[in-house]
Structure formats: C-alpha cells, structure tokens
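Undergrad: Below are the structure tokens for one structure; questions will follow.
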Amino acid sequence: MTSPQPTPLFTESEIAARVATLAAAISRDYADRGELLLVGVLKGTFIFLADLARRIEVRRQIDFVALSSYRDGATRPAELRPVMDLRGDITGRHVLVVEDIVDTGRTLAYLMPLLAARSPSSLAVCTLLHKRARREVAIEPDYVGFEVPDRWVVGYGLDHAERYRALPYIGVIEER
Ligand code: 5GP
C-alpha cells in the first residue's frame with residue numbers, strides 16, 4: 001500500500017540550516033554553564049535531537065522520556081501518562097527539553113512541572129516546530145525551529161499513524 005506524498009513545507013537543506021542556527025544559539029547561551037542535558041521527548045524528536053546534539057558545541061549528555069496519550073470514550077481531553085522516565089538524576093543540572101512540535105501545549109504543561117520538581121539548575125525547551133494556532137496552555141518555548149500552520153505535519157521524525165518518520169523533509173498531509 002502506498003501513502004500519499006506529503007506537500008513539502010521545509011526542505012532538507014532549510015531544516016539543516018535552521019538546526020545549525022538553533023545549535024549555535026544554544027551553544028552560546030550555555031557556554032559558561034557547564035554540562036547540558038538534552039532530554040528528547042520520544043518518539044517524534046529522535047531525528048531532530050540527533051542532528052541538534054551533533055551541532056551543539058558545549059559538553060552535553062542525552063536522555064529521553066516517552067509519554068503516551070491515553071483516550072477512552074469517557075476521558076476528554078486525552079490523558080497523558082509517562083511510559084518511560086529519564087535514566088539519570090537531573091538535580092542541579094542544566095536541562096533542555098527537546099520536542100518535535102508544540103501544538104496545544106498540553107504535553108509540556110504536563111512534563112515541565114514533573115521535571116521542575118526534580119530541582120534542575122535550569123529548565124528550558126527547544127522545539128523544532130511550533131503550531132501556535134491550537135495553543136490551549138500558556139507555554140512559550142525558549143528555542144523554536146519553525147512556526148507551522150494548523151495542518152498535520154510529517155517527516156524528519158514526525159509521523160502519521162507511524163508512517164513518514166524517515167522522510168528527510170517536513171511536509172503536510174491533508175487528513176487529520
Ligand atoms: P501538544 O501536547 O502540544 O498538543 O502536542 C504535542 C504532541 O502532539 C507532539 O509531540 C506530537 O506528537 C503531536 N502532534 C501535534 N501536532 C502534530 C502534527 O502536526 N504532526 C505530528 N506528526 N504530530 C503532532
């Protein structure tokens with residue numbers, strides 16, 4: 001079965017240039033702070049995080065969390081729950097959460113207090129994509145790759161029903 005080709009939104013080279021700019025800004029901001037811990041939110045972030053981590057020029061470590069969004073007929077809106085926690089302690093560390101896309105903001109509204117409660121030295125967010133139109137929670141990421149319209153975006157790690165993650169560019173598909 002073939003999937004429809006997404007309509008390109010950002011090309012491979014546009015993404016590479018933007019990731020380099022983000023990495024330069026992060027490297028500058030964290031230059032004097034010691035080691036940085038990049039926390040990727042699985043799964044959508046895995047390609048962005050791999051590219052970003054290789055471009056950042058300060059000492060850094062990498063960890064991951066995974067959340068699942070749980071919806072049954074009676075539960076609205078979908079309920080988030082952790083399915084994989086960090087491997088290490090973040091107390092006293094500089095933590096940068098790396099997200100694929102911030103949409104309603106509910107994922108970060110759930111995750112950030114959980115991480116803040118573990119007393120990191122600093123806690124910030126870098127998101128590749130920012131879909132401002134559907135924001136429900138007052139959350140402003142510290143680093144943003146691209147603003148995107150209220151469409152379903154795929155590629156460069158982002159999926160639709162687990163398809164398109166390995167697409168090298170970011171595109172839009174019609175169905176939601
Ligand atoms: P939020 O909690 O901010 O509404 O949504 C965050 C999560 O929703 C993202 O990490 C991502 O998994 C999913 N998401 C929201 N919009 C899109 C989209 O346009 N494309 C894809 N692939 N995932 C999205």
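The values are calculated or read from the model by the stated rules, or taken from the named source; none is laboratory data. The structure displayed is predicted, hence computed values, not measured ones. Note: ideal-geometry Cβ built from the backbone for every residue, glycine included; neighbour counts use all protein chains shown.
Undergrad: Report, by residue number, each residue of region 73-85 that is within 15 Å of the ligand (Cβ to nearest atom) and either hydrophobic (A, V, I, L, M, F, W, C) or within 19 Å of G40 (Cβ to Cβ) (or both).
TA: Listed by number, the residues that qualify are A78, L80, R81, P82, V83, M84.
Undergrad: What do you reckon, is P120 away from the ligand (no atom under 13 Å from the Cβ) and in a loop (DSSP other than H, G, I, E, B)?
TA: Values: away from the ligand (no atom under 13 Å from the Cβ): yes; in a loop (DSSP other than H, G, I, E, B): yes.
When the stated conditions are applied, P120 passes them.
Yes/no per residue for (1) within 14 Å of the ligand (Cβ to nearest atom); (2) surrounded by 20 or more Cβ atoms within 10 Å (Cβ to Cβ):
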| site | (1), (2) |
| --- | --- |
| R87 | no, no |
| V98 | yes, yes |
| Y110 | yes, no |
| L115 | no, no |
| V125 | yes, yes |
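Undergrad: If you take the residues of region 65-85 that are of a type in the set (G, A, S) and surrounded by 11 or more Cβ atoms within 10 Å (Cβ to Cβ), which of them is modelled with the highest pLDDT?
TA: Residues of region 65-85 of a type in the set (G, A, S): 66, 68-69, 73-74, 78.
This time we only want the ones that are surrounded by 11 or more Cβ atoms within 10 Å (Cβ to Cβ), so: 66, 68-69, 78.
Numbers: A66: 96, S68: 86, S69: 78, A78: 72.
Applying the filter and picking the extreme gives A66.
Undergrad: Something else about it: Within region 1-37, can you find the residues that are in contact with a helix residue (DSSP H, G or I) (Cβ under 9 Å, 6 or more places away or on another chain) and not in a helix (DSSP H, G or I)?
TA: In the first step, residues of region 1-37 are kept if they are in contact with a helix residue (DSSP H, G or I) (Cβ under 9 Å, 6 or more places away or on another chain); the result is 10, 15-16, 19-20, 22-24, 26-27, 36.
Across region 1-37, the qualifying residues are F10, L36.
Undergrad: So, in region 38-72, of the ones that are part of a helix (DSSP H, G or I) and within 13 Å of the ligand (Cβ to nearest atom), which residue ends up farthest from T21 (Cα to Cα)?
TA: First, pick out the residues of region 38-72 that are part of a helix (DSSP H, G or I): 46-55.
Narrowing further to those that are within 13 Å of the ligand (Cβ to nearest atom): 46-49.
Numbers: F46: 18, I47: 16, F48: 13, L49: 14 Å.
Of everything passing the filter in region 38-72, F46 is farthest from T21 (Cα to Cα).
Undergrad: Criterion first (of a type outside the set (D, E), within 14 Å of the chain's Cα centre (by Cα) and not in a strand (DSSP E or B)) does T107 satisfy it? Before the answer, list the steps.
TA: Working: of a type outside the set (D, E): yes; within 14 Å of the chain's Cα centre (by Cα): yes; not in a strand (DSSP E or B): yes.
Yes, satisfied.
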